[in-house]
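Working notes, beginning with the structure itself.
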Amino acid sequence: MTIMRRMTFSLSLALGTVLAAAPVALPLLPAAPAHAQSAPATAITAPVTALYAALGQIQARNSGSFAQRTQTLAPVVDKVYDLATVLRASVGLRYASFSDADKQQLADVFRQFTVARYVSSFKPGGDARFTIDPTPRPSPVGSDQIVTTHIGSAEDTDGTEIDYVMRSGPQGWRIVDVLLNAHISQVAAQRSDFSATLSSGNVQNLIALLQKKVKAFSED
């Protein structure tokens, strides 16, 4: 399977469910401050540039074992994603009812899951080619910005459009959602899948699901 197909499958099937089309993920997320629109374009695109540089590293032929590539990528994911916002939006209203201990355990395994999904998709010897549009576009909701990118290969340089919803916060611009083909929201898909898993009201079911997926990714 080519890296592009693996990446597409990662976005659509990694949670065990086909991504549901959504106009944009932003209705699931609180709006950003209005002043965010005045930021320089390079500040908005920088996290995506850093992410793609790291993905290029872990797909190099000598990038090492799954564990070694995880160590390379994990600090970058921490820096470029607002994982707390992504997790809250993916869980929805139930999140507020979780205990502090459950929230921390869920955050830890969600981080592992996010990193493992990337490491599983971008394997050593991969030929993914990354292009980033240097001009972000305003989100239709709030003051978030959207960075358009394409992930292709030597045979298909155009590849698939993967867009990043960027939000400005105390630590600068961070990724708060990923859109496949400009409109299919990863957060929306996770929200649907997590809701089904949490239907019993037990957050440990979701933690166990994510732990199972991390293990599956590491064995892929």
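The values are calculated or read from the model by the stated rules, or taken from the named source; none is laboratory data. Since we're looking at a predicted model, the values are computed, not measured. Cβ atoms come from the backbone with ideal geometry, glycine included; neighbour counts cover every protein chain shown. All accessible areas refer to the heavy atoms of the entire protein, side chains included, with ligands and DNA or RNA removed. Shrake-Rupley method; radii C 1.70, N 1.55, O 1.52, S 1.80 Å.
Restricting segment 163-220 to residues that are in contact (Cβ under 8 Å) with a residue 24 or more places away in the chain and hydroxyl-bearing (Ser, Thr, Tyr), the residue that is surrounded by the most Cβ atoms within 10 Å (Cβ to Cβ) is Ser185. Restricting to segment 125-146, what's the tally of residues that are aliphatic (A, V, I, L, M) and touching a Lys or Arg at 6+ places or on another chain (Cβ under 6 Å)? Residues meeting the conditions: 1.
Of the residues Asp78, Asp102, the single one that is under 12 Å from the mean Cα position of the chain (by Cα) and of a type in the set (Asp, Glu) is Asp78. Scanning segment 115-145 for residues that are surrounded by fewer than 21 Cβ atoms within 10 Å (Cβ to Cβ) and of a type in the set (Val, Ile, Thr) yields a count of 4. Restricting attention to segment 78-97, the residues that are open to solvent by 20 Å² or more (accessible area, probe 1.4 Å) and not small (Gly, Ala, Ser) add up to 8.
Restricting Gly201, Gly126, Gly142, Gly172 to residues that are more than 30 Å from Ala96 (Cα to Cα) and either modelled with pLDDT under 95 or not hydroxyl-bearing (Ser, Thr, Tyr) (or both) narrows the list to Gly126.
Is one or more of the residues making up segment 139-148 aliphatic (A, V, I, L, M) and in a strand (DSSP E or B)? Yes, segment 139-148 contains at least one residue that is aliphatic (A, V, I, L, M) and in a strand (DSSP E or B).
Being free of Cβ contacts under 8 Å to residues at least 24 places away in the same chain and buried (at least 17 other Cβ atoms within 10 Å of the Cβ): is that true of Ala54 here? Yes, satisfied.
Restricting attention to segment 57-75, the residues that are of a type in the set (Val, Ile, Thr) and either open to solvent by 20 Å² or more (accessible area, probe 1.4 Å) or within 16 Å of the chain's Cα centre (by Cα) (or both) total 2.
Of the candidates Gln112, Gln105, the single residue that is open to solvent by 20 Å² or more (accessible area, probe 1.4 Å), of a type in the set (S, T, N, Q), closer than 24 Å to Ser199 by Cα and in contact with a Leu (Cβ under 9 Å, 6 or more places away or on another chain) is Gln112.
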